[in-house]
1. Could you check, for the range 312-329, whether at least one of its residues is in a helix (DSSP H, G or I), of a type in the set (Ser, Thr, Tyr) and within 24 Å of GLN198 (Cβ to Cβ)?
2. Show me the strands (runs of 3 or more DSSP E) found entirely inside the range 194-280 where at least 3 residues are more than 15 Å from the chain's Cα centre (by Cα) and crowded, with 19+ Cβ neighbours inside 10 Å.
3. What residue, among those in the range 335-353 that are buried (at least 16 other Cβ atoms within 10 Å of the Cβ) and farther than 16 Å from THR374 by Cα, is nearest to the chain's Cα centre (by Cα)?
4. Identify, please: which residue in the range 286-326 is in contact with a His (Cβ under 9 Å, 6 or more places away or on another chain) and of a type in the set (A, V, I, L, M, F, W, C) and is, among those, nearest to GLY360 (Cα to Cα)?
5. Are any of the residues in the range 279-300 in contact with an Asp or Glu (Cβ under 8 Å, 6 or more places away or on another chain) and of a type in the set (D, E, K, R)?
6. Where the second residue is outside any strand (DSSP E or B) and polar (S, T, N, Q) and the first is exposed (fewer than 15 other Cβ atoms within 10 Å of the Cβ) and lies in the range 117-138, which pairs have Cβ atoms under 6 Å and are six or more apart or on separate chains?
7. What is the residue count in the range 350-374 for residues that are assigned to a helix (DSSP H, G or I) and of a type in the set (Gly, Ala, Ser)?
Amino acid sequence: MMISGWSKRTHIPNNKCRSLRSNKANPVSLFMKKTLTFLFLFLIITTPLSVQAEDGVEVLDERVEYTFGGELVFKIEFESEMTVSQITLVLQAQGISTFVGEVLFISPGQAQFVYDLEQRPLPAFSTITYSYHLTLDNGESVETPSYSFTYLDNRHNWQELIEEPFIIYWYEGEITLAQEVLDAAVSGLDQVLELLQQPADNQPIVIFIYSSEEELQSTLASVGQTWVGGHADPGLGSIVVSLPPGVDQSLEIQRLIPHEITHILLYRFMGNEYQYLPAWFNEGLASQMEVFSRPDYDLILEKAEGERGLIPFAHLCIAFPVDSDLALLSYAQSNSLLDYIQREYGVTGIQVMIYAYDQGVSCERGVEVALGTTLEELEKDWKLDVFSRGRYLMYIYILSGFLLILLISLGVFVFNKFQGSNIEQEWDDNE
């Protein structure tokens, strides 16, 4: 399946190194643009500025066509009073470096560029912005307005369920699946808004449900998280999750959806300061919002503490390790630490930490400002609480086991003694 989009007819003046771009849209228009993009899925939104010129270059048509994860083809048709000797494509997307490539002429006034999505993946569901730079024979250059489209996964025939502020997309299963996801999203939204003490708003949150881990992993290849079951892009307000059919599907919904909702709402609450939120706090808080956390977290912590050691939280301020085992340990540690903070400092302690990081303080400084201790001391207290408590419980279990064995042994001894006495009495009676 291919997605294509067309632009308006555009005139560009032949002024040396002149750049003509669309006026910056106001927040309302940007909101509507994003919403319409997700509502219609494969509709391409382009908004170039139409500019008149007496002598210059006129863009007659421009479009993009792509297959998700395959090829992205840029096409442009133009007229120019002066020969165009070269065309350069400039492509930008959030989270990747600006790409520049030379466009090939396929006929007079027509050119195209083929972008290899396998070699250079683009972030799924992100807005891709691009423009063309045309070089004329006299050495002058002309730049087109910026065009944009949303890079959606067009490999599936998506169904949709809409209930503000949520838009649920899925391609396999009954509507009951989408409704269950919607219910979990609404519950998670209410829980996080209560923590942040914020009112509800109608900013859309879009959730894409994949029916297999493999398809989700191919979608997340560009963000380097091919092992996770879910991912949120807070800037776009989008969530992608893997929910394969099976007995664990409902549990996974209650785990993944509130987790990813938390990331989006934290971003909307903090804005640009979201970048100062430590990874261990961000993921730990999201894990605390899960209705059912992973049952193996405690075992992962015990194994790491007893074998290779835990990861210092100072190393988990910026991001989690790429290695899947270390990343899983990072999640387990962060979930446990946030649980400890909530037990020791209450919900107010977590709220104060959010407000501290919202002021742009560092990872360590946020702990000091909010909790009155250092990150190092907090980590020591957490270890003492979690692992000492675990050892005490282990000793109690062992002691309980010995006592149970002792009681059973005493019971058997008394029973045998009683039985022996009865047998002796019977022999005496016979004699």
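1. No: the range 312-329 contains no residue that is in a helix (DSSP H, G or I), of a type in the set (Ser, Thr, Tyr) and within 24 Å of GLN198 (Cβ to Cβ).
2. Hits in the range 194-280: none.
3. Step by step, filter the range 335-353, then rank; the result is ASN335.
4. Out of the qualifying residues, it is ALA286.
5. Within the range 279-300 (the criterion being in contact with an Asp or Glu (Cβ under 8 Å, 6 or more places away or on another chain) and of a type in the set (D, E, K, R)), the answer is no, since none of the residues qualifies.
6. Cβ pairs passing all conditions: ASP137/THR83.
7. Residues that pass the stated criteria total 3.
Every residue, every condition in (1) open to solvent by 60 Å² or more (accessible area, probe 1.4 Å); (2) β-branched (Val, Ile, Thr); (3) in a strand (DSSP E or B), yes or no:
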position: GLU58; (1), (2), (3): no, no, yes
position: VAL64; (1), (2), (3): no, yes, yes
position: PHE68; (1), (2), (3): no, no, no
position: PHE74; (1), (2), (3): no, no, yes
position: ILE87; (1), (2), (3): no, yes, yes
position: VAL90; (1), (2), (3): no, yes, yes
position: GLY95; (1), (2), (3): yes, no, no
position: VAL100; (1), (2), (3): yes, yes, yes
position: VAL103; (1), (2), (3): no, yes, yes
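The values are calculated or read from the model by the stated rules, or taken from the named source; none is laboratory data. Values in this document were obtained by computation on a predicted structure and should not be read as measured data. When we count neighbours, we look across all protein chains shown, and the Cβ atoms used for this are built from the backbone with ideal geometry, even at glycine. We work out accessible area using only protein heavy atoms, side chains counted, and drop any ligands, DNA or RNA first. Shrake-Rupley method; radii C 1.70, N 1.55, O 1.52, S 1.80 Å.
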